[in-house]
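Below: the structure, in structure tokens.
The values are calculated or read from the model by the stated rules, or taken from the named source; none is laboratory data. Computed from a predicted structure; not experimentally measured. Please note: Cβ atoms are built from the backbone with ideal geometry, for glycine as well, and neighbour counts cover all protein chains shown.
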Amino acid sequence: MSNSSTITALVHTLRHEAEGIISVELRPWGDTVFAPFEAGSHIDLHLPNGLVRSYSLLNSPSDRGRYVVGILRDRNSRGGSAFVHEQLRVGSQLTLSQPRNNFALDPHASHNVLVAGGIGITPIYCMFRQLLALGKSAELIYCARSRKEAALLEQLGGLDAKVVYHFNDEKGSVPDLARYLADQPRDTHFYCCGPTPMLDAFESTCESLGYPHAHIERFTAAELPPSEDAQDSYSVELKKTGKTLNIEPGLNLLDVLLDAGCDIEYSCREGVCGSCETRVIDGDIDHRDGVLTKAERAANKSMMVCVSGCKSRRLVLDL
Ligand code: FES
């Protein structure tokens, strides 16, 4: 269970958005107050079946007192999205995390290209509207398997903005990102949220086109295996407290840190939500999360301690 601060919400509205997708509007329960949020943020739902799942906020940050998430019923659901689709009821109580943003817009970008794949439209829609509201230059590429499985089409159709749609069944193929992303100024900021193969293709396409500003948001566990040179055992020095801990084979770094009394926020335990991000002072991190970008991984400055490990014999954390 998380030690991060949670709040209680009322399930106010459940709405069919597209085939397999519903939106859930949450309002404060009792005297709970919802914190403001930035475009790109997500919240963690603490479901009554014990699972914790992260979902992006799709409504406007200018909304006060409501959070809206869009939830795809995952065909391989391990009990998260299936619970929401089958058992969540209007009027019920739900425990949430505070909003957290791992996918923030860069306010200085001269142009923005947003790419959404399927349910990845939820943070992208919020970000796109925010950019337009601020008078920023932005365009959207929205990909989905089919039109009937694409949420928010009506709302997007009402925006005065450039939106390119790619529906696989109509085009007869998955999107060719190299073609869609070509010929943009090098200082453009690119944002993508979608399924893992699309995010991987997006990152490698931006890299091969020489675009340095590529941002991604994963909404499913990346489940990256340990790298070949990951250490089974290593020592962890805690800079602030001066403690040294030993990670033995099979032990989870987050568990060891919590047992040692470290005050670390955590929620999903799957490398998705970003709450356990910890600053690293020294050591070679074996990143296995879905939060950090390639550039952030290469910087070797922070890690998700719930899933990541170490490739050196010694790791020094800012704890
Ligand atoms: S607890 Fe969610 S990323 Fe670590």
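A few points about this structure:
- Residues (at pLDDT 95 or above, among the β-branched types (Val, Ile, Thr) and within 22 Å of the chain's Cα centre (by Cα)) located in the range 158-204: 188
- Residues of the range 14-41 satisfying the condition of being surrounded by fewer than 19 Cβ atoms within 10 Å (Cβ to Cβ), among the hydrophobic types (A, V, I, L, M, F, W, C) and not in a loop (DSSP other than H, G, I, E, B): 14
- Residues (closer than 19 Å to residue 124 by Cβ and crowded, with 19+ Cβ neighbours inside 10 Å) located in the range 82-108: 99, 100, 102, 103, 105
- Cβ-Cβ under 8 Å pairs, at least 6 apart or on other chains, the range 250-276 side at positive phi and hydrophobic (A, V, I, L, M, F, W, C), far side assigned to a loop (DSSP other than H, G, I, E, B) and near the ligand (Cβ under 6 Å from one of its atoms): none
- Candidates 10, 47 - the one that is surrounded by fewer than 20 Cβ atoms within 10 Å (Cβ to Cβ), farther than 24 Å from residue 115 by Cβ and under 19 Å from the mean Cα position of the chain (by Cα): 47
- In the range 249-306, the qualifying residues are those that are in contact with a strand residue (DSSP E or B) (Cβ under 7 Å, 6 or more places away or on another chain) and in a helix (DSSP H, G or I), and the one that is surrounded by the most Cβ atoms within 10 Å (Cβ to Cβ) is 253.
- Considering the range 71-176, the qualifying helices (runs of 4 or more DSSP H), each wholly inside and each with 2 or more residues that are over 22 Å from residue 54 (Cβ atoms) and free of Cβ contacts under 8 Å to residues at least 12 places away in the same chain, run over 153-157.
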